[in-house]
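First the structure, in the form of structure tokens, and then the observations on it.
The values are calculated or read from the model by the stated rules, or taken from the named source; none is laboratory data. A quick note: this is a predicted structure, and the numbers were derived from the prediction, not measured. Glycine also receives a Cβ, built like all others from the backbone with ideal geometry; neighbour counts cover every protein chain displayed.
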Amino acid sequence: MTKTQLTPFRFASLAPPADRRPLVISGPSGVGKGTLIQRLFKTHPETFTLSVSHTTRAPRPGEAHGVDYFYVTMAEFEELIAVDGFVEHAQFNSNRYGTSKATIEEQTTKGKVVVLDIEMEGVKQIRQSSIDARFVFIKPPSFEALETRLRGRGTEDENSITKRLNQAKKELEYADTPGVHDLIIVNDDLDVAYKQLEDYVYKPL
Ligand code: ADP
Ligand code: 5GP
């Protein structure tokens, strides 16, 4: 037997998660939510699927319509609110973001665990909805580290950075409320944080 056969990929040895509930991941902008989620998807391509949100913000370089977000105008977003098309929606900085009912239905029918990357007003609304979900909050090791990451990503102008850091303070305060999240992970070392996320998602019922 070759060495490759003796040491299969790590993901091949993991049985699918016993807990199939949607996984809601929140945390301040720049903390590494997207990075952790992408790693979960890459490590377990058959197991998870992203709840693709609607947003009025412009796509960043490399982002694609229908993959990262559905990019819509403010009028289109408001039209979807008017027809009760959202499970939850919120304003973040100057833009609107929302999880459509159609997205949740479409992703759920794939039989995969649906992952939502949303901010705190959305978390509150999902908590009040009929959706039975698991809630994970990602924290930075320090506020300074958060700012460094947000700047280092190179996607935001100064105005957006300031707004996102102000919003981050609120997100961090909210996360201190007991009972809001099932798990809080400090994303200091990425490998350690990822392992904590994976262990939680795959833990037996
Ligand atoms: P979010 O989705 O929460 O806004 P991102 O996943 O885009 O955050 O991460 C923001 C930046 O921080 C990215 O440049 C990413 O590569 C970096 N990053 C993520 N996790 C870590 C970590 N543990 N240590 C250092 N940098 C990180
Ligand atoms: P970004 O502009 O960095 O992609 O996202 C900004 C914030 O909006 C992040 O905190 C992200 O989690 C949140 N967000 C993305 N999609 C949704 C959504 O559908 N609903 C809510 N409430 N927040 C969202």
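The set of residues from region 46-64 being touching an Asp or Glu at 6+ places or on another chain (Cβ under 9 Å), within 16 Å of Arg96 (Cα to Cα) and without any contact (Cβ under 8 Å) to a residue 40 or more places away in the chain comprises just one member, Pro59. Among the residues of this structure, Asn187 does not count as one that is at pLDDT 95 or above and exposed (fewer than 12 other Cβ atoms within 10 Å of the Cβ).
Taking region 166-203 as the range and being assigned to a helix (DSSP H, G or I) and closer than 22 Å to Arg20 by Cβ as the test, the residues that pass are Tyr194, Lys195, Gln196, Leu197, Glu198, Asp199, Tyr200, Val201. For the subset of region 155-196 comprising residues that are among the β-branched types (Val, Ile, Thr) and without any contact (Cβ under 8 Å) to a residue 40 or more places away in the chain, which member is nearest to Ser29 (Cα to Cα)? For region 155-196, the residue satisfying everything is Ile161. Residues that are surrounded by fewer than 17 Cβ atoms within 10 Å (Cβ to Cβ) and more than 12 Å from ligand 1 (Cβ to nearest atom) number at least 1 in the following strands (runs of 3 or more DSSP E) confined to region 85-156: 86-92, 95-100. The set of residues from region 50-66 being away from ligand 2 (no atom under 12 Å from the Cβ) and under 11 Å from the mean Cα position of the chain (by Cα) is empty.
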